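First comes the structure, then the notes that go with it.
The values are calculated or read from the model by the stated rules, or taken from the named source; none is laboratory data. Everything numeric here is computed off the predicted structure, so don't read it as measured data. Please note: Cβ atoms are built from the backbone with ideal geometry, for glycine as well, and neighbour counts cover all protein chains shown. The protein model used for the area step is the full one, side chains on, heavy atoms only, and it has no ligands, DNA or RNA in it. Shrake-Rupley method; radii C 1.70, N 1.55, O 1.52, S 1.80 Å.
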Amino acid sequence: MGTTGTDWWRDAVFYQVYIRSFADGNGDGVGDLRGLRGRLGYLRDLGVDALWITPFFPSPMADHGYDVADPRDVEPVFGDLDEFDALLADAHALGLRITIDVVPNHTSSEHAWFRAALAAAPGSPERARYVFRDGRGPDGAEPPNNWPSVFGGPAWTRVPDGQWYLHIFAPEQPDLDFGNPEVVADLEETLRFWLDRGVDGFRIDVAHGMAKPAGLPDMVPMDDTGLLDDHGPGDHRFDQDGVHAVHRRIRAVLDSYPGTMAVGEVWVSDDDRLARYLRPDELQLAFNFKLLTAEWEPTALRDAVVHSLAAVDGTPAPACWVLSNHDRPRHVTRYGDGELGTRRARAAALLQLALPGVAYLYNGDELGMPDVDLPDAALQDPIWFRSEGAERGRDACRIPVPWSGSEPSYGFSSGSGTWLPMPEGWTALTAEAQAADPASMQSLYRAALALRAGSPAFSGEGLEWLPSPEGCLAFRRPGGLVFLLNLSSAPVPLPEGTVLLASTDVTGGELPTDAAAWVVA
Ligand code: BGC
């Protein structure tokens, strides 16, 4: 294994595999475990330490796998348990650790428990695993409270006998009741099931969900629910104090498998509230989403770094940096798309990988993949349907990865059809073309990851901000790495020393606009 010790994850680079879109091993146009297995060598050569694989469990795919019908099996579209075991063995042999998603907050409406709940009467033990309530108003015809679903519309759906059930996401994703010991025990069983097979850890979906306030009071009304935005203390759907008891149970299981870890998807922007998830008996890591949401602007980026570090200060956790994932527009696109977006994305990669702590890459970051504008007919995200076309959803950032060749599906699949269409004109974006080009995004990532893993300049936690020209960010890591990012409109002088790596040509001794450099004295 690349990084040794039980806390191998403290400075690891994780690579998020959005399983539907990474590599298709059986020609049906949907990525799968066999396809991923065939690309492990690429990931090892890229230089990442660990993978996070998004849900591959049996699912009706109302939310592309985040609606789990059985958390302890493999969806046939993605393979089977033998294929998973083979993937795990191959990855470990190559020194890559494997972490997988768990989705505790809700199940699929096709989960055996939810079917049993629908078949059972109000007040039954079957219904007590979920959040069923009587409605308000005459005949209980109004939902039990005013909570909106994150995907649009109310967070409640009525069943034929008149009760309502809670779903913070789609109606096909009923929320579980974590006040019910059976629910917690089942989560522990799921964790042990995968840990016994040998996984190295988990990404906990909606890790700030799960607990609901007593009495389910109305929340502060809001016009725009905003996917997983943090709406603060008035939003009773998330970040309830009771959630920490669940994290302590998760951690107790992990502690009985030394060397395993969990990262939480915690959309909580207040530094102190986020820190509560990182107490010694809770999550080892929580995504710091501030870089993912920051504008390409010096104050915003600096604040993102300062607050992400402040949130983990005083906790045992390192910071955990994310530029893109499967829920948000990709950073090439956020930063302006085209040449401008790509140029900035190169600089952002050096920022992310220079920062102390953990980095999560999203598949395709290393190729500089942009979002793709899809025609209405191609859209599949429940957000598109639930918002009745008002919001286009997340398909644009989930396009399959282009591997080789000059036509869709660019080596992603043996056929040309893919679950989301791939555009024309992506030849230069393919992994194959970029491997042959020393100036490509992929070559930049390879060089950066090799330096990060091998150079003592990256050692030590924390950073010291350095004086820098107006519109620039500069810091020094304890090991000696000096980082400079130029967000001003004119070139600036490079710091004294040897340039280890730069996001653009710096032979003139100056760092151009929207570029970054790694320097050692
Ligand atoms: C996942 C989303 C998913 C949602 C519901 C999120 O945090 O990242 O893709 O739709 O949870 O499970």
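Summary table below
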read-out	value
Residue match in the range 15-28 (condition: assigned by TED's automatic domain parsing to the domain that holds VAL263, within 20 Å of the chain's Cα centre (by Cα) and part of a loop (DSSP other than H, G, I, E, B))	yes
Which numbered condition PRO402 fails, given (1) at pLDDT 95 or above; (2) farther than 20 Å from ASP32 by Cα	(2)
Subset of the range 325-359 [part of a helix (DSSP H, G or I), of a type in the set (Gly, Ala, Ser) and closer than 18 Å to VAL306 by Cβ]	ALA348, ALA354
Test: residue in the range 339-357 that is within 16 Å of the ligand (Cβ to nearest atom), hydroxyl-bearing (Ser, Thr, Tyr) and assigned by TED's automatic domain parsing to the domain that holds PRO402	no
Residue count, the range 360-414 (criterion: part of a loop (DSSP other than H, G, I, E, B) and within 22 Å of HIS331 (Cβ to Cβ))	23
Residue match in the range 297-305 (condition: open to solvent by 50 Å² or more (accessible area, probe 1.4 Å), at pLDDT 95 or above and either within 16 Å of the ligand (Cβ to nearest atom) or among the hydroxyl-bearing types (Ser, Thr, Tyr) (or both))	yes
Residues within the range 31-44 that are assigned to a loop (DSSP other than H, G, I, E, B) and surrounded by fewer than 24 Cβ atoms within 10 Å (Cβ to Cβ), tallied	1
Qualifying residues in the range 2-34 (those that are β-branched (Val, Ile, Thr) and touching a helix residue (DSSP H, G or I) at 6+ places or on another chain (Cβ under 8 Å)) - the one modelled with the lowest pLDDT	THR3
Scope the range 412-441; condition of a type in the set (Asp, Glu) and loosely packed, with under 13 Cβ neighbours inside 10 Å; matching residues	GLU424, ASP437
Residues (more than 14 Å from the ligand (Cβ to nearest atom) and either under 18 Å from ARG394 (Cβ atoms) or in contact with a helix residue (DSSP H, G or I) (Cβ under 8 Å, 6 or more places away or on another chain) (or both)) located in the range 45-75	ASP45, LEU46, GLY47, VAL48, ASP49, ALA50, LEU51, ASP70, ARG72, ASP73, VAL74
Any chance LEU283 is open to solvent by less than 10 Å² (accessible area, probe 1.4 Å) and assigned by TED's automatic domain parsing to the domain that holds VAL372	yes
Within the range 242-269, tally of residues that are among the acidic types (Asp, Glu) and either within 18 Å of the chain's Cα centre (by Cα) or at pLDDT below 95 (or both)	1
Test: residue in the range 349-358 that is surrounded by fewer than 17 Cβ atoms within 10 Å (Cβ to Cβ), in contact with a helix residue (DSSP H, G or I) (Cβ under 7 Å, 6 or more places away or on another chain) and in contact (Cβ under 8 Å) with a residue 12 or more places away in the chain	no
Tabulated pairs, the range 368-386, first within 20 Å of SER324 (Cα to Cα) and of a type in the set (Asp, Glu), second open to solvent by less than 30 Å² (accessible area, probe 1.4 Å) and not in a loop (DSSP other than H, G, I, E, B), C-beta under 8 angstrom, 6+ apart or interchain	ASP371/VAL332; ASP371/ALA396; ASP371/CYS397; ASP373/ALA396; ASP381/ASP395
Any hit, the range 81-103, residues being part of a strand (DSSP E or B), modelled with pLDDT of 95 or more and of a type in the set (Lys, Arg)	yes
Residue in the range 249-265 that is within 13 Å of the ligand (Cβ to nearest atom) and over 26 Å from TRP321 (Cβ atoms) present	no
Residue that is farthest from the ligand (Cβ to nearest atom) [pool: residues in the range 76-100 that are open to solvent by less than 20 Å² (accessible area, probe 1.4 Å) and more than 29 Å from SER443 (Cα to Cα)]	PHE84
Residues being open to solvent by 40 Å² or more (accessible area, probe 1.4 Å) and either in contact with a His (Cβ under 6 Å, 6 or more places away or on another chain) or more than 15 Å from the ligand (Cβ to nearest atom) (or both) - total across the range 372-391	6
Test for ASP239: is it within 16 Å of the ligand (Cβ to nearest atom), open to solvent by 20 Å² or more (accessible area, probe 1.4 Å), under 19 Å from the mean Cα position of the chain (by Cα) and modelled with pLDDT of 95 or more	yes
Test: ARG129 is within 25 Å of GLY234 (Cβ to Cβ) and either under 35 Å from the mean Cα position of the chain (by Cα) or not small (Gly, Ala, Ser) (or both)	no
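For every residue, the table says whether it meets (1) within 16 Å of the ligand (Cβ to nearest atom); (2) touching a strand residue (DSSP E or B) at 6+ places or on another chain (Cβ under 8 Å); (3) farther than 22 Å from TYR18 by Cα; (4) open to solvent by less than 20 Å² (accessible area, probe 1.4 Å).
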position	(1), (2), (3), (4)
SER149	yes, no, yes, yes
ASP175	yes, yes, yes, yes
PHE202	yes, yes, no, yes
ALA207	yes, yes, no, yes
LEU216	no, yes, yes, yes
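Residue-wise test of (1) assigned to a loop (DSSP other than H, G, I, E, B); (2) of a type in the set (Asp, Glu); (3) under 28 Å from the mean Cα position of the chain (by Cα).
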residue	(1), (2), (3)
ASP139	no, yes, no
ASN145	yes, no, no
VAL150	yes, no, yes
GLY162	yes, no, no
ALA170	yes, no, yes
PHE178	yes, no, yes
VAL184	no, no, yes
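Here is a yes/no grid of residues against (1) outside the structural domain of PHE22 (by TED's automatic domain parsing); (2) closer than 25 Å to ASP49 by Cβ; (3) of a type outside the set (Asp, Glu):
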position: GLU407; (1), (2), (3): no, no, no
position: SER413; (1), (2), (3): no, no, yes
position: GLY417; (1), (2), (3): no, no, yes
position: GLU424; (1), (2), (3): no, no, no
position: THR427; (1), (2), (3): no, no, yes
position: THR430; (1), (2), (3): no, yes, yes
position: GLN434; (1), (2), (3): no, yes, yes
position: MET441; (1), (2), (3): no, yes, yes
